[in-house]
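The values are calculated or read from the model by the stated rules, or taken from the named source; none is laboratory data. All of these numbers come straight from a predicted model, not from anything done at the bench. In this analysis, Cβ positions are derived from the backbone assuming ideal geometry, glycine residues included, and neighbour counts consider all displayed protein chains. With ligands, DNA and RNA removed, areas are computed over all heavy atoms of the protein, side chains included. Shrake-Rupley method; radii C 1.70, N 1.55, O 1.52, S 1.80 Å.
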Amino acid sequence: MRSPVLPLTWHLARSSGRRGLQSQLLAAGAAAVGALVLLMLLAAYLGSGVRADRTAWRTPEPDRHGTAVQALATTFVRHEPVTVVSLAQLPDRRPTPAPPGLSAFPRQGEVYVSPALAELLRKLPANQLADRLPKVASYGTIDAAGLASPDELVAVVGRAPTDPAVSEAADGSGLWDDGLTARAVVSGFSGGKPSVFTRSDQQMVLLGVGLLVVPVIVLASAAGRLGAARREQRLAALRLAGATPRQILAMTAAESAAVGAAGAAVGALAYCALLPALARIPYGIGTWYTGELWVGLPWLLAVVAGVAALIAVSAVSTLRQVASAPLGVAQQANPRRTRLIRLLLFVGILVYIRQSASGGDLKTGQLVALVMLFYGAFWLFGPWVVDRLGRIAGRFARRPATLLAARRLSDDPRGAWRTVSGLVLAGFVAGFFTVGHLALGGIDFGDRVAVPTANGATAVTEARTLLREAGITATVSAGEDDFLLAGNDGVTVAVPGGVEKIDAALTALQPLAGGRLPYGADYGSAPDRVAGDLLSDIGTATLAVSFLVATASAGLTAAANVLDRRRVYGLLRLSGTPLKVLDRARVRETALPLLVLAGGTTSTGVYAAYQLNKAAESTISTSGAIQLAACLAVGTLAMFVAIAGSRPLLRTVTGDPARSAE
Amino acid sequence: MSIVLAGYGLTKKYGSTTALAGVDIEVGERDSLAIMGPSGSGKSTLLHTLAGIIRPDGGQVLLGGERIDRLGENRLSALRRSRFGFVFQSGQLLPELPAEENVALPLMLEGVPRKQAVERARRWFAPLGLDGLERRRPGQLSGGQAQRVAIARALVVAPDVVFADEPTGALDQATSHEVIRLLTSVTREQGAALVMVTHDADMAAHCDRILQVSDGRIGTYDQFTVA
Ligand SMILES: Nc1ncnc2c1ncn2[C@@H]1O[C@H](COP(=O)(O)OP(=O)(O)O)[C@@H](O)[C@H]1O
Ligand SMILES: [Mg+2]
């Protein structure tokens with residue numbers, strides 16, 4: 001005999017009318033947001049890995065039996081890095097395969113540039129950029145296969161094997177050269193390490209993923225809890241009709257999984273539709289190629305299935321609670337108390353985090369672990385605070401709306417916490433990343449240019465001549481002990497007058513540098529600056545997504561509460577309770593914990609950022625504080641909008657006296 | 001006996017369904033009135049119309065001689081809050097509020113300071129046999145106790161009329177009698193009138209008068225009337 005579960009589920013789902021439809025639409029909406037965010041996170045994670053790999057060919061992979069010399073050099077224009085790959089085919093060796101993005105191995109004198117660099121070459125005066133590359137009639141183009149981002153500035157230069165740019169002198173050995181300058185004999189381009197500018201991308205994304213995964217799961221499980229009251233009634237009715245608990249659970253699972261899958265599929269479609277827009281969001285080295293952000297069909301299906309499963313599990317476990325509690329979850333006999341141990345654990349964990357963090361120099365993995373720990377600590381602490389808050393507000397409440405909100409808070413602190421947890425965490429992220437703006441590039445090299453060169457004494461004179469010919473006023477000194485030279489011989493040049501003058505000096509001094517390229521402060525602080533920039537990118541993105549998820553969560557829970565409590569709200573309205581009071585109570589039960597907890601986490605974030613900055617000996621950015629204020633305003637507004645979104649629902653749900661009183 | 005609440009020529013249609021087909025009804029001071037009738041006969045519609053919850057299509061509703069069927073939603077809401085009390089079948093108490101705060105809520109909505117409101121609410125617990133249950137939450141009360149709390153809440157604002165729609169619909173027979181006995185007696189002591197919908201003749205018998213409703217009309221079963 002065929003199982004009657006599926007047809008019966010279908011029948012009941014269809015006959016549950018508008019009420020049922022409303023909560024199913026809400027659940028599907030939450031599933032859509034959840035799937036969309038998960039896919040975005042996955043895309044960023046996988047995409048940043050792909051992107052890093054696509055930069056790997058530029059770093060030479062030594063091969064003793066190689067066929068060509070490859071030299072990687074990095075120069076900066078307008079503070080942006082330009083990667084210059086010099087290639088020279090060795091005589092009497094087998095031909096070397098073409099590097100990615102080129103159709104053939106470049107011949108001597110050929111220069112290929114990425115589209116973004118081509119544009120910059122057109123825009124900037126030749127004496128600031130173009131003169132750093134060999135003069136050619138026209139540039140070839142590096143196509144997307146050789147680039148990680150459409151914004152990347154890359155040049156591939158074909159040279160003679162005797163060219164200084166591919167000589168041993170072109171090999172970087174100084175303190176600052178790591179990953180920026182290298183030279184080796186190679187046989188192809190399949191090895192290599194990801195560039196300095198992309199190699200931490202993925203780890204940083206992981207940090208953001210760590211911060212966002214929990215709120216997304218909370219959102220999905222909130223979707224599963226939707227319509228608990230309706231299912232509870234149906235459960236009772238079905239029991240009477242002779243359905244077994246197992247059948248009822250199976251029906252619930254089937255229904256919620258179907259709704260979840262439908263919603264998640266919409267989210268997946270939204271992700272596909274948004275791909276071109278998502279690719280416009282710059283991260284690290286710049287915007288993305290759309291293909292890099294495509295997670296692939298298996299992942300897409302896995303996310304849809306995962307979200308649907310999460311919702312089904314949450315729905316079934318809620319119903320299990322209902323089934324085992326005779327009064328149902330909607331009418332708890334006893335409030336769920338929270339114990340003091342939560343506070344103690346919270347303090348313990350915070351102390352531990354402080355201890356570990358003050359050791360300094362954390363790897364990304366450790367940082368992620370600490371952030372997760374911090375989050376876990378708040379997961380323990382949040383409900384406790386909500387509970388206390390409810391009791392304190394309950395004691396001092398003078399207005400009915402405040403009293404209702406307070407009693408709700410201490411009745412189900414964990415539920416109230418779940419609603420606001422996303423925004424509370426966003427508060428921490430906001431506090432940490434906006435005020436932090438981690439200026440990790442701690443060393444200030446000033447507006448100076450260094451030229452590594454063997455014969456220091458004559459180099460000073462030559463440098464002066466070159467600069468004079470270029471019309472640049474600058475102070476040249478022999479730089480033996482200069483930190484910017486990092487132990488190499490050479491000269492340093494102080495260049496007043498801003499980045500354009502520096503770019504001109506970098507260009508003018510190139511003939512002096514032999515195999516190396518002259519470099520400035522940007523070069524010396526590149527790795528630190530990359531890390532700082534990535535953190536702030538991730539911070540901004542995490543913040544934006546946090547707000548999205550948190551707002552969806554708050555709105556969903558608010559709507560679900562209205563649907564689950566329609567009867568009592570309806571009867572209260574019949575007895576003359578103004579809708580305004582019920583509505584204010586709804587807003588307060590979210591706003592109260594949010595203000596206290598988000599305020600707390602935000603200041604913790606500011607404090608943590610302040611500590612980190614102090615360690616890095618830099619100051620707090622004031623623009624960060626303004627950003628933070630803006631973020632908080634946006635977050636608060638979003639929350640109010642999310643809750644106000646269910647006001648019409650409250651009105652219609654309580655508006656029909658016949659329904660309420662039956 | 002002066003008339004507190006009256007409805008004349010009340011009609012109400014839902015699409016093609018006639019819920020009220022011209023009802024005249026008068027409720028006197030301290031009067032207690034049971035409305036009986038088969039399911040779907042229009043009992044609830046009548047009660048809601050008298051209580052200013054539903055606007056009738058035709059006819060008038062007068063409270064203390066003043067027409068209330070034309071008032072705006074806010075005025076009506078305030079009227080229900082201050083001059084009427086309501087007892088429904090179940091689920092009208094807020095589950096997270098202790099009993100005494102559920103009872104005090106209507107007072108607080110009227111602007112009575114919280115401390116006073118709760119004090120006045122507490123006074124109702126002993127007469128209704130709820131002594132010691134003040135801090136219990138609805139989930140910790142039996143069905144009969146919860147209905148008695150609901151009665152306290154209906155009476156705490158000293159209303160002119162208490163409306164009860166199947167107040168014992170979810171209770172067993174013995175508890176039902178106990179609750180209705182309290183409802184009728186306490187309402188009378190308070191000087192309020194009672195309009196109660198029920199389908200149970202035993203419950204109706206606690207009232208002074210019984211009106212039989214069928215197909216949106218009042219039948220006359222005044223033989224039950226206790227003078
Ligand atoms: N909001 C409504 N919309 C449509 N029909 C309604 C509505 N309320 C009541 N009715 C109809 O009006 C008639 C009387 O309903 P009601 O007063 O609730 O009956 P009773 O309380 O006696 O069972 C019924 O046929 C019912 O279906
Ligand atoms: Mg009825």
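Would you mention how many residues in the stretch B:97-139 are within 9 Å of another protein chain (Cβ to nearest Cβ), closer than 24 Å to B:THR175 by Cα and not in a helix (DSSP H, G or I)?
Total satisfying the criteria: 3.
Name every residue in the stretch B:1-39 that is without any contact (Cβ under 8 Å) to a residue 40 or more places away in the chain, within 14 Å of chain A (Cβ to nearest Cβ) and more than 16 Å from ligand 2 (Cβ to nearest atom), in order of residue number.
Result: B:GLY15, single match.
Looking at (1) in contact with a strand residue (DSSP E or B) (Cβ under 8 Å, 6 or more places away or on another chain); (2) on the phi < 0 side of the Ramachandran plot; (3) away from chain A (no Cβ under 13 Å), which one does B:ASP215 not meet, given that it meets all the others?
Going through the list (1) in contact with a strand residue (DSSP E or B) (Cβ under 8 Å, 6 or more places away or on another chain); (2) on the phi < 0 side of the Ramachandran plot; (3) away from chain A (no Cβ under 13 Å), B:ASP215 breaks only (2).
Which one of these does A:ILE538 not meet: (1) open to solvent by 10 Å² or more (accessible area, probe 1.4 Å); (2) in a helix (DSSP H, G or I); (3) more than 14 Å from A:ILE285 (Cα to Cα); (4) not acidic (Asp, Glu)?
Failed condition: (3).
Is there a residue in the stretch B:140-155 that is within 11 Å of chain A (Cβ to nearest Cβ) and touching a Lys or Arg at 6+ places or on another chain (Cβ under 7 Å)?
No, the conditions are met nowhere in the stretch B:140-155.
Hey, can you tell me all the residues within the stretch B:156-185 that are of a type in the set (Ser, Thr, Tyr) and either within 13 Å of another protein chain (Cβ to nearest Cβ) or within 16 Å of the chain's Cα centre (by Cα) (or both)?
Answer for the stretch B:156-185, where residues must be of a type in the set (Ser, Thr, Tyr) and either within 13 Å of another protein chain (Cβ to nearest Cβ) or within 16 Å of the chain's Cα centre (by Cα) (or both): B:THR168, B:SER176, B:THR184, B:SER185.
Restricting to the stretch A:381-420, and then to whatever is among the small types (Gly, Ala, Ser) and more than 12 Å from chain B (Cβ to nearest Cβ), can you tell me which residue is least open to solvent (accessible area, probe 1.4 Å)?
A:GLY382
Looking only at the stretch A:572-599, which residues are free of Cβ contacts under 8 Å to residues at least 60 places away in the same chain and among the small types (Gly, Ala, Ser)?
A:SER575, A:GLY576, A:ALA591 - these are the residues of the stretch A:572-599 that are free of Cβ contacts under 8 Å to residues at least 60 places away in the same chain and among the small types (Gly, Ala, Ser).
Can you pull out the residues in the stretch B:154-181 that are open to solvent by less than 20 Å² (accessible area, probe 1.4 Å) and either part of a helix (DSSP H, G or I) or not hydrophobic (A, V, I, L, M, F, W, C) (or both)?
Hits for the stretch B:154-181 are B:ALA154, B:LEU155, B:PRO159, B:ASP165, B:PRO167, B:THR168, B:SER176, B:VAL179, B:ILE180.
Could you list, in sequence order, the residues of the stretch B:54-90 that are part of a loop (DSSP other than H, G, I, E, B) and either without any contact (Cβ under 8 Å) to a residue 12 or more places away in the chain or not aliphatic (A, V, I, L, M) (or both)?
Listed by number, the residues that qualify are B:ARG55, B:PRO56, B:ASP57, B:GLY64, B:GLY65, B:ASP69, B:ARG70, B:GLY72, B:PHE88, B:GLN89, B:SER90.
To keep it simple, each residue is scored yes or no on (1) closer than 16 Å to A:GLY29 by Cα; (2) among the charged types (D, E, K, R).
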{"site": "A:THR252", "(1), (2)": "no, no"}
{"site": "A:ALA262", "(1), (2)": "yes, no"}
{"site": "A:CYS272", "(1), (2)": "no, no"}
{"site": "A:GLU292", "(1), (2)": "no, yes"}
{"site": "A:GLY306", "(1), (2)": "yes, no"}
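For residues that are more than 7 Å from chain A (Cβ to nearest Cβ) and in contact with a helix residue (DSSP H, G or I) (Cβ under 6 Å, 6 or more places away or on another chain), scanning just the stretch B:87-96, find the one that is modelled with the lowest pLDDT.
Among residues in the stretch B:87-96 that are more than 7 Å from chain A (Cβ to nearest Cβ) and in contact with a helix residue (DSSP H, G or I) (Cβ under 6 Å, 6 or more places away or on another chain), the one modelled with the lowest pLDDT is B:LEU93.
Within the bounds of the stretch A:187-204, is there any residue that is within 30 Å of A:THR419 (Cβ to Cβ), hydrophobic (A, V, I, L, M, F, W, C) and in contact with a Ser or Thr (Cβ under 8 Å, 6 or more places away or on another chain)?
Yes, the stretch A:187-204 contains a residue that is within 30 Å of A:THR419 (Cβ to Cβ), hydrophobic (A, V, I, L, M, F, W, C) and in contact with a Ser or Thr (Cβ under 8 Å, 6 or more places away or on another chain).
Considering only the stretch B:46-67, I want to know if a residue exists there that is more than 26 Å from B:LEU171 (Cα to Cα) and either touching a His at 6+ places or on another chain (Cβ under 9 Å) or at the interface with chain A (Cβ under 8 Å from one of its Cβ atoms) (or both).
Yes, there is a match, as at least one residue in the stretch B:46-67 is more than 26 Å from B:LEU171 (Cα to Cα) and either touching a His at 6+ places or on another chain (Cβ under 9 Å) or at the interface with chain A (Cβ under 8 Å from one of its Cβ atoms) (or both).
Check off (1) open to solvent by 40 Å² or more (accessible area, probe 1.4 Å); (2) of a type in the set (A, V, I, L, M); (3) under 29 Å from A:HIS65 (Cα atoms) for A:LEU206 and give me the number that stays unchecked.
(3)
Examine the stretch B:40-53 for a residue that is within 16 Å of ligand 2 (Cβ to nearest atom), in a strand (DSSP E or B) and in contact with a Phe, Trp or Tyr (Cβ under 9 Å, 6 or more places away or on another chain), and state whether such a residue exists.
Among the residues of the stretch B:40-53, not one is within 16 Å of ligand 2 (Cβ to nearest atom), in a strand (DSSP E or B) and in contact with a Phe, Trp or Tyr (Cβ under 9 Å, 6 or more places away or on another chain), which makes the answer no.
Mind listing whichever residues of the stretch A:82-119 are open to solvent by less than 30 Å² (accessible area, probe 1.4 Å) and in a strand (DSSP E or B)?
A:VAL82, A:THR83, A:VAL84, A:VAL85, A:SER86, A:LEU87, A:ALA88, A:VAL111, A:VAL113, listed by residue number.
May I ask you to list the residues in the stretch B:1-58 that are within 13 Å of ligand 1 (Cβ to nearest atom), surrounded by fewer than 20 Cβ atoms within 10 Å (Cβ to Cβ) and more than 19 Å from B:ARG83 (Cβ to Cβ)?
B:THR11, B:LYS13, B:TYR14, B:GLY15, B:SER16, B:THR17, B:THR18, B:ALA21, B:PRO38, B:SER39, B:GLY40, B:ASP57 - these are the residues of the stretch B:1-58 that are within 13 Å of ligand 1 (Cβ to nearest atom), surrounded by fewer than 20 Cβ atoms within 10 Å (Cβ to Cβ) and more than 19 Å from B:ARG83 (Cβ to Cβ).
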